[in-house]
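In what follows, a single structure is set out as structure tokens and then discussed.
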Amino acid sequence: MSKIKGLVCKECKKTYPAEAVHVCEFCFGPLEVAYNYDQIHTKISKEKILNGPLSLWRYEDLLPIESTPTVGLHTGFTPMVHAKNLGPKLGLDYLYIKNDSVNPPTLSFKDRVVAVALTRAKELGFDTVACASTGNLANSVSANAAEANFKCFVFIPSDLESGKILGNLVYNPRVVAVEGNYDDVNRLCSEIAGEYPWAFVNINLRPYYSEGSKTLAYETAEALNWRAPDHVVVPIASGSLLTKIYKGFHEFERLGLISDLTTQIHGAQALGCSPVATAFKKKSDFIQPVKPDTIAKSLAIGNPADGFYAIKIAQETDGIIESVTDEEIIGGIKLLAENEGIFTETAGGVTVAVLKKLATQGVLKKGASVVAYITGNGLKTQEAIAPAVGAPSLIQPNLASFQQTLKKERQ
Ligand SMILES: *Cc1c(COP(=O)(O)O)cnc(C)c1O
């Protein structure tokens, strides 16, 4: 018997075989992977995980593949850093940074979801993979497809940062830049997915893809000695990551790997694209789509597929969904870099700025354990931060010139 029971509609609970489908034919609800937890329970243990590979595949028992992992064998198991400088600055004794800005191979958390989606794509017999991306997903699909010998198409908004565009082209997939925003790209890709027999990782393979995000919760609990933290702060684009961090902690509790789960799940958005934060503040279930206008392009989804579920989870766990201005995002990037030596992209700036806001508001207390998810690397979004970092001191190649500069800087 397989650990995968099949797919199940999140809304009407109708079940489907575990194929490349993602929407319920009856109610149009999203499909999710259903597992045989009783079977998983007999297989999984702390000891088995501890002896597993130093990658996200140490949690293979809880991931939706049937054979053995073939993609992303070095992905995950990223550093969990006790923020010994930033924590005290924000009045927090137990602040941790989960640092996916160094996640292999393409330096964002998206390598987790792609490892799972492409392993599953291979199992389902696809030879071509594709995605609709705000940037990081395209980078990860391009790199992993090259390594795993898939044909590859990535679709991106044409106004992405140059680092993210180059970070596709170098792997030589077919890069299609669409003159529109992410929501336009996504709509187009849904149509293309209906016409071509390709594995669109975040469309027809979305039920498998999204499960990769759970590993951030598993790694967090394992690093905290099999405990979930009191608070987590999670960036929101489609809202999938936030919902899967919640699911990951709950699965660990259900399987007896952690107990007393009381984690408050907070969400972070950029003010220039904050449909989920806006609905949360209005205590509304309805997410009014927006046209994104923010430097945080990796989070710029105006019509977020899982926004509704993200709000439910924040409400259920006593979490808060906050938004921050582009200026605060730049401040967040610098705060993390200057205090912890971690250079994150604009999405990480959003997370740190919201973290700071929640600490200032007293939502996060001094003795509480807090984990902030840093999901991408700053070298990919250099144009966003360049105007805010100053310039080097230019000198002649002699001691006198150096000493003159030192003197000037001391004045
Ligand atoms: C995609 C992405 C997210 C959030 O993704 P969801 O769509 O909410 O799952 C967060 N940070 C970065 C850097 C991303 O690329």
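The values are calculated or read from the model by the stated rules, or taken from the named source; none is laboratory data. Because the structure is predicted, anything quoted here is derived from the model rather than measured. Every residue, glycine as well, gets a Cβ built from its backbone with ideal geometry; the counts of neighbours run over all protein chains shown. The accessibility values were calculated without ligands, DNA or RNA, using every heavy atom of the protein model including side chains. Shrake-Rupley method; radii C 1.70, N 1.55, O 1.52, S 1.80 Å.
Here are the numbers for this structure:
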| item | result |
| --- | --- |
| Test: residue in region 60-78 that is under 30 Å from residue 339 (Cβ atoms) and touching a strand residue (DSSP E or B) at 6+ places or on another chain (Cβ under 9 Å) | yes |
| Positions within region 229-282 being more than 19 Å from residue 375 (Cα to Cα), away from the ligand (no atom under 16 Å from the Cβ) and in contact with a helix residue (DSSP H, G or I) (Cβ under 7 Å, 6 or more places away or on another chain), in sequence order | 251, 252, 254, 255, 257, 258, 259, 261, 263 |
| Any hit, region 119-136, residues being more than 29 Å from residue 178 (Cβ to Cβ) and crowded, with 19+ Cβ neighbours inside 10 Å | no |
| Cβ-Cβ under 7 Å pairs, at least 6 apart or on other chains, region 367-396 side touching a residue at least 40 places away in the same chain (Cβ under 8 Å) and under 14 Å from residue 345 (Cβ atoms), far side open to solvent by less than 60 Å² (accessible area, probe 1.4 Å) and of a type in the set (Phe, Trp, Tyr) | 375/109 |
| Pair list, Cβ < 6 Å and 6+ apart or interchain, from region 282-309 residues that are in the same structural domain as residue 325 (by TED's automatic domain parsing) to residues that are within 13 Å of the ligand (Cβ to nearest atom) and open to solvent by 70 Å² or more (accessible area, probe 1.4 Å) | 289/303 |
| Boolean, residue 318 is within 30 Å of residue 260 (Cβ to Cβ), modelled with pLDDT under 95 and either out of contact with any Asp or Glu (no Cβ under 7 Å at 6 or more places or on another chain) or hydrophobic (A, V, I, L, M, F, W, C) (or both) | no |
| Filter result (surrounded by 14 or more Cβ atoms within 10 Å (Cβ to Cβ), within 18 Å of residue 326 (Cα to Cα) and small (Gly, Ala, Ser)) within region 361-403 | 376, 378, 384 |
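To keep it simple, each residue is scored yes or no on (1) surrounded by fewer than 21 Cβ atoms within 10 Å (Cβ to Cβ); (2) more than 23 Å from residue 365 (Cα to Cα); (3) touching a residue at least 60 places away in the same chain (Cβ under 8 Å); (4) polar (S, T, N, Q).
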| site | (1), (2), (3), (4) |
| --- | --- |
| 175 | yes, yes, no, no |
| 187 | yes, yes, no, no |
| 200 | no, yes, yes, no |
| 220 | no, no, yes, yes |
| 226 | yes, no, yes, no |
| 234 | no, no, yes, no |
